[in-house]
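Report on the following structure.
The values are calculated or read from the model by the stated rules, or taken from the named source; none is laboratory data. If you're wondering where the values come from, they're calculated on a predicted model, not measured in any experiment. FYI the Cβ positions are ideal-geometry reconstructions off the backbone, even for glycines, and counts take in every protein chain you see. For the accessible areas, the whole protein counts, side chains as well, though only heavy atoms, and no ligand, DNA or RNA atoms are used. Shrake-Rupley method; radii C 1.70, N 1.55, O 1.52, S 1.80 Å.
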Amino acid sequence: MRAPEEAASWEWELDAFAPPGLDSALATAVRMSEVLREHGLLRPDSLRWRWFVKGRGSVGTTELAVPESPTEGELSRGIAGSRPVAHPNAEVGALRMSGTGSWFDAEGAERRERDLVVLTVYPEERHLAAEVAVFHDIWGYCDFRGEPHPKVQARNAPRLASALRALERLLGTAPEPGEATYFGRADGYGPAMPDLIDGKGPDLTDRL
């Protein structure tokens with residue numbers, strides 16, 4: 001099951017990794033997505049962002065198709081070509097890269113899921129940051145009904161942890177856990193263990 005909010009997220013402050021700005025953010029997004037692709041968690045096919053005008057706010061959203069093995073130059077040209085004609089000075093907001101990823105069920109069968117892992121990079125003028133977020137219940141000890149599914153967790157959580165460690169090595173800094181939501185929070189390289197009552201976790205399906 002997929003939650004409307006993050007079940008866990010991890011954030012990196014990247015001022016020591018690369019300079020701020022759009023081109024740097026695109027290069028960072030490409031390199032991070034390559035790591036996630038190698039782990040089978042994100043095959044990017046879409047880049048989405050909002051346009052902002054100072055003093056006015058958001059003036060629209062654009063979604064760009066991402067080619068196989070994208071490059072910074074391809075993405076930069078795509079963004080430049082989609083700038084709103086009525087707002088030539090519009091700036092690019094958070095870059096959200098999404099696609100499909102693989103997970104494994106309790107029997108070990110591979111399945112594909114949209115937005116299994118979502119990558120966001122923030123191209124601010126003075127600050128570069130990134131976030132990796134997960135929304136599904138396959139990473140934790142329990143599903144969103146509170147039913148334990150340790151076999152599902154065992155087949156998927158280590159892959160996520162391995163990818164996060166690989167990103168840590170790439171970026172040269174450890175991630176900080178993102179904000180907790182109704183559906184969970186990060187603890188180390190995976191979702192936090194829920195509080196169990198009679199062997200079950202909380203039933204979160206009222207908000208699904």
Between the Cα axis of helix 150-171 and the main Cα principal axis of the chain, the angle (0 to 90°, nearest 10) is 30 degrees
note: the range 118-208, Cα-Cα separations exceeding 18 Å make up a percent value of 50 percent
Comparing LEU164, LEU119, LEU196 in a Gaussian network model of the chain (Cα, 10 Å), the one with the largest mean-square fluctuation is LEU196
tail above 18 Å in the computed P(r) of the range 1-49, as % of all Cα-Cα pairs, reads 47 percent
Across SER69, SER98, SER33, the residue with the highest GNM fluctuation in the chain (Cα network, 10 Å cutoff) is SER69
Taking only the Cα positions of the range 50-149, the convex hull volume per residue in Å³ is 145 Å³
With all protein chains present, the range 76-207 has a carbon and sulfur share of its accessible area (1.4 Å probe) in percent of 47 percent
For the chain, the longest principal axis of the Cα atoms and the Cα long axis of helix 22-38 enclose an angle in degrees, to the nearest 10, of 30 degrees
Expressed as a percent, the portion of alpha-carbon pairs in the range 1-88 spaced more than 22 Å apart is 40 percent
Karplus ³J(HN,Hα) for the range 47-55 (6.51 cos²θ - 1.76 cosθ + 1.60, θ = phi - 60°; Hz, whole; x = Gly/Pro) runs 10, 10, 7, 9, 9, 10, 10, 4, x
accessible surface per residue for the chain, probe 1.4 Å, DNA/RNA/ligands not counted, whole Å² -> 50 Å²
Computed, not fitted: 222 nm per-residue ellipticity of the chain from DSSP H runs ≥ 4 (each -39500 (n - 2.57)), nearest 500, equal to -8000 deg cm²/dmol
For ARG185, placing the label point 7 angstrom along Cα-to-beta-carbon and taking the range 191-208, residues whose amide nitrogen sits under 16 Å are 191-196, 202
The value for the chain (convex hull of the alpha-carbon atoms, volume per residue, Å³) is 121 Å³
Relative to the chain, whose Cα atoms define the longest principal axis, helix 72-81 and its Cα axis are tilted in degrees, nearest 10, by 60 degrees
